[in-house]
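Colleague: There's a structure below that I have some questions on.
The values are calculated or read from the model by the stated rules, or taken from the named source; none is laboratory data. It should be emphasised that the depicted structure is a prediction, and the values quoted were computed from it without experimental measurement. Note that we place each Cβ from the backbone using ideal geometry, even for glycine, and neighbour counts take in every protein chain shown.
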Amino acid sequence: MLIRLLRTYLRPYKKPIALLVALQFLQTCASLYLPTLNADIIDDGVVKGDSGYILSYGALMIGISLAQVVCNIGAVFYGARTAAALGRDVRGAVFDRVQSFSAREVGHFGAPSLITRTTNDVQQVQMLALMTFTLMVSAPIMCVGGIVMALGLDVPLSGVLLGVVPVLAICVTLIVRKLRPLFRQMQVRLDTVNRVLREQITGNRVIRAFVRDEYEQQRFRKANTELTDVALGTGNLLALMFPVVMTVVNLSSIAVVWFGAHRIDSGGMQIGDLTAFLAYLMQIVMSVMMATFMFMMVPRAEVCAERIQEVLETESSVVPPVAPVTELRRHGHLEIREAGFRYPGAEEPVLRNIGLVAKPGETTAVIGSTGSGKSTLLGLVPRLFDATDGEVLVNGVDVRTVDPKTLAKVV
């Protein structure tokens, strides 16, 4: 779902994405070249005492660093703009789809859930896209490039990488597998908090009139505590990931220094090469950490994308007319002929054989007890629902054949 959603709404932004990928590639290549220049300065400049060599290669390093900064700024700029455009487009699409829903679809999802899906869920997908453009694009380039450059410096010492990368991958995979169900549960409980809060704000006067303040406080406290518990669970897993990664990093650095010292002592490696190798090791580990940070966001973004896609793929039960009527000659005339309505799955219809005529200038009252179907009957006129039996006519025309905009102006 996540890949399909991103592919659909990022398709109009191919050029900015291609440009930011190119900028990320250039700045990553510059970052990979800097340790090699540093090693040359140490081996051919510092060790030999050649000040001219140090100054010339130092100036080259400064120039490459400046180019890296410029490329990085450009990549972040285009990445932020593209991610913001993605969020805008997805929010607009969800909003337009919800506007086309009948009361049946709104009741199916629930207004609090639709609010969460339009705001928080879209924000999670947008943040994932932003992190992908600013971090994840450069991570594989840096990882592969760092391994290649490390192999070019010293092949035997590169054996340390064979143990570091798989261990990191296994640790990250195990933690991410536990995060996914927790993130799904978090979004559901966030819906619950929104629902309880919305009910309390809407019914504030009734709550005070019947002195139900304490009961409503307990309801919100329970929903808030459940959301907090899930958030703490995900936070504990996220907090566990960084110590695990840093432990592997520190142990691998110790191993590189230990074996590298023996290589230098035996004459198989120079001091500058060991310094560059450590730099490449840190770049490889940093790329893995960036990927780790992305993997932490992916489970929640996947859950949010599924919820967003569920809304986008839901068709309204109120189908627009094929050949809509865009002009109504008569005004203020409402007629309901033998109308009936049954909710999906209900044993009995809410409305049965309803007949009503309301002429211009008349006042018509619909009286009945709570739950007798007054709101449902009223909802048939603006097509919040469609009658399952009979007809509803406005100005002599069946509302199912009237253009929705024209009907909205009349009713």
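Colleague: List pairs: first in segment 339-363 and in the same structural domain as residue 377 (by TED's automatic domain parsing) and under 16 Å from residue 393 (Cα atoms), second among the hydrophobic types (A, V, I, L, M, F, W, C) and loosely packed, with under 10 Cβ neighbours inside 10 Å, Cβ under 9 Å, 6+ apart or cross-chain?
Modeller: none
Colleague: Is it the case that segment 17-29 has a residue that's β-branched (Val, Ile, Thr) and outside any helix (DSSP H, G or I)? Lay out the reasoning, then the answer.
Modeller: Looking only at segment 17-29, we keep the residues that are β-branched (Val, Ile, Thr), and these are 17, 21, 28.
Checking the rest, the ones that are also outside any helix (DSSP H, G or I) come to none.
Looking through segment 17-29, none of the residues is β-branched (Val, Ile, Thr) and outside any helix (DSSP H, G or I).
Colleague: Give me the pairs, please: first residue somewhere in segment 146-157 and exposed (fewer than 14 other Cβ atoms within 10 Å of the Cβ), second residue anywhere and outside any helix (DSSP H, G or I) and of a type outside the set (A, V, I, L, M), beta-carbon distance under 7 Å, and either six or more positions apart or on two chains.
Modeller: Short answer, once both residue conditions are applied: none.
Colleague: Against the definition (among the β-branched types (Val, Ile, Thr), in contact (Cβ under 8 Å) with a residue 24 or more places away in the chain and under 30 Å from residue 277 (Cβ atoms)), how does residue 82 come out, yes or no? Talk me through it step by step, then tell me what you get.
Modeller: Details: among the β-branched types (Val, Ile, Thr): yes; in contact (Cβ under 8 Å) with a residue 24 or more places away in the chain: yes; under 30 Å from residue 277 (Cβ atoms): no.
Against the criterion (among the β-branched types (Val, Ile, Thr), in contact (Cβ under 8 Å) with a residue 24 or more places away in the chain and under 30 Å from residue 277 (Cβ atoms)), residue 82 does not qualify.
Colleague: Restricting to segment 44-63, name every residue that is under 47 Å from the mean Cα position of the chain (by Cα) and closer than 19 Å to residue 275 by Cα.
Modeller: 57, 58, 60, 61, 62
Colleague: Exactly one of these conditions fails for residue 274: (1) touching a residue at least 12 places away in the same chain (Cβ under 8 Å); (2) in a helix (DSSP H, G or I); (3) closer than 30 Å to residue 116 by Cβ. Give me its number.
Modeller: Residue 274 satisfies all of (1) touching a residue at least 12 places away in the same chain (Cβ under 8 Å); (2) in a helix (DSSP H, G or I); (3) closer than 30 Å to residue 116 by Cβ except (3).
Colleague: A further question on this structure: Could you say which residue among 6, 34, 23 is touching a Cys at 6+ places or on another chain (Cβ under 6 Å), buried (at least 16 other Cβ atoms within 10 Å of the Cβ) and among the aliphatic types (A, V, I, L, M)?
Modeller: Values: 6 fails: touching a Cys at 6+ places or on another chain (Cβ under 6 Å); 34 fails: touching a Cys at 6+ places or on another chain (Cβ under 6 Å).
It is 23.
Colleague: Residue under question is residue 260, and the condition is that it be touching a Phe, Trp or Tyr at 6+ places or on another chain (Cβ under 7 Å), touching a residue at least 12 places away in the same chain (Cβ under 8 Å), in a helix (DSSP H, G or I) and over 22 Å from residue 140 (Cα atoms); does it hold? Steps first, answer last, please.
Modeller: On the way: touching a Phe, Trp or Tyr at 6+ places or on another chain (Cβ under 7 Å): yes; touching a residue at least 12 places away in the same chain (Cβ under 8 Å): yes; in a helix (DSSP H, G or I): yes; over 22 Å from residue 140 (Cα atoms): yes.
Yes.
Colleague: Answer yes or no as to whether residue 38 is in a helix (DSSP H, G or I) and under 33 Å from the mean Cα position of the chain (by Cα).
Modeller: Working: in a helix (DSSP H, G or I): yes; under 33 Å from the mean Cα position of the chain (by Cα): no.
Answer is no for this residue.
Here is a yes/no grid of residues against (1) touching a residue at least 40 places away in the same chain (Cβ under 8 Å); (2) under 27 Å from residue 289 (Cβ atoms):
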position: 92; (1), (2): no, no
position: 99; (1), (2): no, no
position: 103; (1), (2): yes, no
position: 111; (1), (2): yes, no
position: 117; (1), (2): yes, no
position: 120; (1), (2): yes, yes
position: 123; (1), (2): no, yes
position: 129; (1), (2): yes, yes
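Colleague: Any idea which of (1) surrounded by 15 or more Cβ atoms within 10 Å (Cβ to Cβ); (2) outside any helix (DSSP H, G or I) is the one residue 190 doesn't satisfy?
Modeller: All conditions pass for residue 190, except number (2).
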